[in-house]
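The values are calculated or read from the model by the stated rules, or taken from the named source; none is laboratory data. These numbers come from a predicted model, not from an experiment. Virtual Cβ from ideal backbone geometry, glycine too; neighbours counted across all protein chains shown. What goes into the accessible areas is simple: the full protein's heavy atoms, side chains included, and nothing from ligands, DNA or RNA. Shrake-Rupley method; radii C 1.70, N 1.55, O 1.52, S 1.80 Å.
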Amino acid sequence: MSNSRIISPVSVSLLCLFLLCCSASHAPRGWLPNPDEVPFRAQGGWVQITRTSGPDLGGELIAIGRDTVYLADEEFHVVSKADVISARLARYDSNAGDLGGYAFLGTVSTISNGFVLIFTAPVWIVGGLTAMGFQHNMPLITCEICDFSKLSPYARFPAGLPDGINRSQIRMSPGGI
Amino acid sequence: MSNHSRILMTSVILCCLVIGGCSEFKKVEREIINTRSFQELSEENLESIRESSPFLKVHMKSGEIYVLGEWWAEPDGESVCGAGVHLSAARDTLKEGEFHIGIGQVAVFETNSLKTSSSVKAIAVFTGITAAVTTACIINPKACFGSCPTFYIQGMDRLRPRAEGFSASIAPSLEASDIDDLDFSALPGEDFGIEMRNEALETHVVRHVDLLAVPRNRASRALADAEGIFWEAEYLQAPVSARGSEGDCLELLAYRDSRERFSKADSSYLGSKEIIELEFRDLPEENAALMISCRQTLLSTYLLYQAYAYMGSEAGAWFARIARGEINQSEDSIHELLGGIQILIEDSKGGWKTAGRISEYGPLAVDTHLIHLDEFGSRSQKVRLKMTRGNWRIDRVALASLSKRIEPVRIHPHLVIRGKNPDRNSRELLLDSQRVLTTLPGNTYYLRYKIPSEEVVYDLFVESRGYYLEWIRKEWVEEENPQYLAQMFLSPERALRRLAPQYKKVEDKMEYHFWRSRYVKQ
């Protein structure tokens, strides 16, 4: 089998995984900051909540209260903690898709290894996919039986919802702030 | 794809990987500090936070936030100052500039440190592997791992083979048997395992792989001479002095410790010779023999691959012509000009006589050879080793006193395992002298042997028979040159002079690239 015939199915597999990773976050595309932007961006992470009553809710995590979780998309939402089955918070964009791109490039580069690519290409594929999975999960915090204290540092208001704030004016950050 | 294109493409990709990988993949570690803890921080702690987190976010009780790029805490601990941006609770920008913020209105402080992601480290490792293989095989293709089946003792050897089989059998017409000293003793009744690997771009055609278990007394050592006769050596004596062109080399030659004595090839003629002078304390009364544990450098491998490169796309046709005897070689072939290790012993008149020659080849595993000395009737304690410069790596030299001939016990493999399962078909092929086992790059076979149960110690040797076919690498074909090939056959001395500068350019890195380019996982 020629090098290109080995590499082709690999390329397709990695491309599929690349697309999968890109679509894995529920946040609007480009909304989550890159890791480099986190230190100066003033927004909460993106939280996706599965509830016992009603459909899933997703939006910027605004604050964690004593009994409630506050989040906002185009509207401000208040969810009772007792109503939460699970929550998944994305703190920043993992760039796992880019890592998939690098793994793809790495796999392609093994063409230059000649026959040895039967060993080096699988190293790139398996290792690249493992690294992608690891990178993809790194910024995620998932809680099934929620310990909300793990989420609060990544809320827009980590100390809790400020007293007297006008809730009707709180919307999801546009991103890029 | 040409070498240049491949190098360029790989370089660009690897640069992208290195640059991109280093800059993009980071993880963020966030810390929330309440006001009381912040006030208790020492100046050193504050400085440490500033270094790891250049931005400080000051969350106000009102929900507003200050993001400060340059900041410091006032000595009284009551305020924080800095330059940055002030945002509302809705995250509208209120003001940019310098701020003096009273701690009393602060809810919490937030810091964020950036760390390199572990994924990048993994990518860096893969990049390193690819770069190493690429560098080894593209920049110096004649240093790619090659040469015959390699044998490892199961459960003991991982990196270096214990033996290599039929190294000189590079074509069907050159099929031969090869006995290699495993330098290992087994106990009676032991179930002994050998791992046979094909680690190169070669097809190995293996007729058989038998274990020769040589019984011996506990205080002695079994050795095999060039005729395949086994001897019991009761006494091994290290030389009292050893001098090569570099001076004293006794320390390297006195023990089998993987510290090998070798020299560099001559820069103008690859056939140039050198001599090592050995002196022993006393010669045994009778049956004296010289024991040498050695392997070749990669000089002969380089020349073999160079010949293949000159054959290029016509390699198959050239081999057929050689096998049919259609190519007349010069009497002084490259093989003869490089030669083996010639052992010379001083005669009674002060001259030197040839006692024997080591001419078994292979650069992978150290093998032990035995040269009989006493049939020359000399009582001299001086021995010379004459060999081509830069062609041999010698681990140990010793004088042996041989007590008697001993007969080995031939053992066939009772079990052959491929992968994790017994492979009955492969075992049957190895037991049938009319059939062969063919292995391809990356194949590994585990061969198990039952050591006899007589209460003696057995020194182990492996006897393999077969031949191998080198795969012509793409990089080599680009050097196809019938004229230079003819020169290697018809005027080998000129070829060794012409190739000397070329070889010297890669000589230092040959071993390094060679061992890193083998084709199985360790």
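Below are the figures for this structure:
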read-out	value
Subset of the stretch B:68-88 that is open to solvent by 20 Å² or more (accessible area, probe 1.4 Å) and of a type in the set (A, V, I, L, M, F, W, C) - its residue that is nearest to the other protein chains (Cβ to nearest Cβ)	B:Val85
Verdict on B:Gly63 being modelled with pLDDT of 90 or more and out of contact with any helix residue (DSSP H, G or I) (no Cβ under 9 Å at 6 or more places or on another chain)	yes
Failed criterion for B:Tyr446 (all others in (1) under 24 Å from B:Val416 (Cα atoms); (2) within 14 Å of another protein chain (Cβ to nearest Cβ) hold)	(2)
Residue that is surrounded by the fewest Cβ atoms within 10 Å (Cβ to Cβ), among those in the stretch A:121-146 that are within 19 Å of the chain's Cα centre (by Cα) and over 19 Å from A:Asn34 (Cβ atoms)	A:Glu144
Residues being more than 10 Å from chain B (Cβ to nearest Cβ) and closer than 16 Å to A:Glu60 by Cα - total across the stretch A:123-146	3
Test set (1) modelled with pLDDT of 85 or more; (2) within 30 Å of B:Ala219 (Cα to Cα) - B:Glu454 fails condition number	(1)
A:Asp67 being without any contact (Cβ under 8 Å) to a residue 24 or more places away in the chain, of a type in the set (Asp, Glu), surrounded by fewer than 24 Cβ atoms within 10 Å (Cβ to Cβ) and within 14 Å of chain B (Cβ to nearest Cβ)	no
Considering residues of the stretch A:147-156 that are open to solvent by 10 Å² or more (accessible area, probe 1.4 Å) and modelled with pLDDT of 80 or more only, the residue nearest to the other protein chains (Cβ to nearest Cβ)	A:Pro153
Number of positions in the stretch B:435-474 that are under 21 Å from the mean Cα position of the chain (by Cα) and among the acidic types (Asp, Glu)	1
Pair list, Cβ < 7 Å and 6+ apart or interchain, from the stretch A:74-91 residues that are within 14 Å of chain B (Cβ to nearest Cβ) to residues that are open to solvent by 80 Å² or more (accessible area, probe 1.4 Å) and modelled with pLDDT under 90	A:Glu74/A:Arg171; A:Phe76/A:Arg167
Selection from the stretch A:92-106 of residues that are more than 8 Å from chain B (Cβ to nearest Cβ), within 14 Å of A:Gly127 (Cβ to Cβ) and either surrounded by fewer than 24 Cβ atoms within 10 Å (Cβ to Cβ) or at pLDDT 80 or above (or both)	A:Phe104
Count of the stretch B:253-272 residues which are under 20 Å from the mean Cα position of the chain (by Cα) and closer than 23 Å to B:Pro161 by Cβ	7
Wholly within the stretch B:188-245, strands (runs of 3 or more DSSP E) carrying at least 2 residues that are touching a strand residue (DSSP E or B) at 6+ places or on another chain (Cβ under 6 Å) and of a type in the set (Lys, Arg)	B:202-216
Residue under evaluation A:Ala159, criteria (1) under 18 Å from A:Val79 (Cα atoms); (2) open to solvent by 40 Å² or more (accessible area, probe 1.4 Å); (3) more than 7 Å from chain B (Cβ to nearest Cβ), criterion not met	(3)
